[in-house]
1. Would it be correct to say that Asp48 is under 30 Å from Ser109 (Cβ atoms), assigned to a loop (DSSP other than H, G, I, E, B) and either modelled with pLDDT of 75 or more or of a type in the set (S, T, N, Q) (or both)?
2. Going by the conditions given, is Glu102 modelled with pLDDT of 75 or more, loosely packed, with under 12 Cβ neighbours inside 10 Å and in a loop (DSSP other than H, G, I, E, B)?
3. Give the residue that is nearest to Val60 (Cα to Cα), with candidates limited to residues of the range 9-41 that are aliphatic (A, V, I, L, M) and at pLDDT 90 or above.
Amino acid sequence: MIRADAGVHVVERYRLIDGAAAKQAQDTYEKREGRVGGAPGAMAVDPDTSLKGLQIQITVEDPTMYKTTWSANATYRRGRGPWLEQICAEDSFNYAENKPAEIPRADKSDF
């Protein structure tokens, strides 16, 4: 949550990068995290490094919350198959009624 009154400054930069550079970023991350070959259950990545990757850089300055500016990078590569709709829910089980929770469905896509 970003507080409008606190002088928070957030910069997001999105850019397309060379496919080989995107692969190198992925390989470096997976090696560091001990997940060579991808995370279990993750979508298969298209091995074609001629396809561009997407890199996102986020920088946050908030002197009331942090002693110093912090930043993060994320690099994405294209998947092999279609991008399937995912349900982002905290918990998809209704424990009170001991059954799967009803997930709302839109009549039409947002975009």
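1. In short, yes.
2. Numbers: modelled with pLDDT of 75 or more: yes; loosely packed, with under 12 Cβ neighbours inside 10 Å: yes; in a loop (DSSP other than H, G, I, E, B): yes.
Criteria met by Glu102.
3. First pass over the range 9-41, keeping only residues aliphatic (A, V, I, L, M): 10-11, 16-17, 20-22, 25, 36, 39.
From the residues that got through so far, the ones that are at pLDDT 90 or above too are 10-11, 16-17, 20-22, 25.
Numbers: Val10: 5, Val11: 7, Leu16: 21, Ile17: 22, Ala20: 28, Ala21: 25, Ala22: 23, Ala25: 22 Å.
Looking at residues that are aliphatic (A, V, I, L, M) and at pLDDT 90 or above, I get Val10.
Residue-wise test of (1) loosely packed, with under 10 Cβ neighbours inside 10 Å; (2) out of contact with any Lys or Arg (no Cβ under 8 Å at 6 or more places or on another chain); (3) modelled with pLDDT of 85 or more; (4) part of a loop (DSSP other than H, G, I, E, B).
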site	(1), (2), (3), (4)
Thr68	yes, yes, yes, yes
Ser71	no, yes, yes, no
Ala74	no, yes, yes, no
Gly81	yes, yes, no, yes
Cys88	yes, yes, no, yes
Asp91	yes, yes, no, yes
Ala96	yes, yes, no, yes
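The values are calculated or read from the model by the stated rules, or taken from the named source; none is laboratory data. All values reported here derive from a predicted model rather than from experimental measurement. Ideal geometry is used to build each Cβ from the backbone, glycine not excepted, and the neighbour counts take in all protein chains shown.
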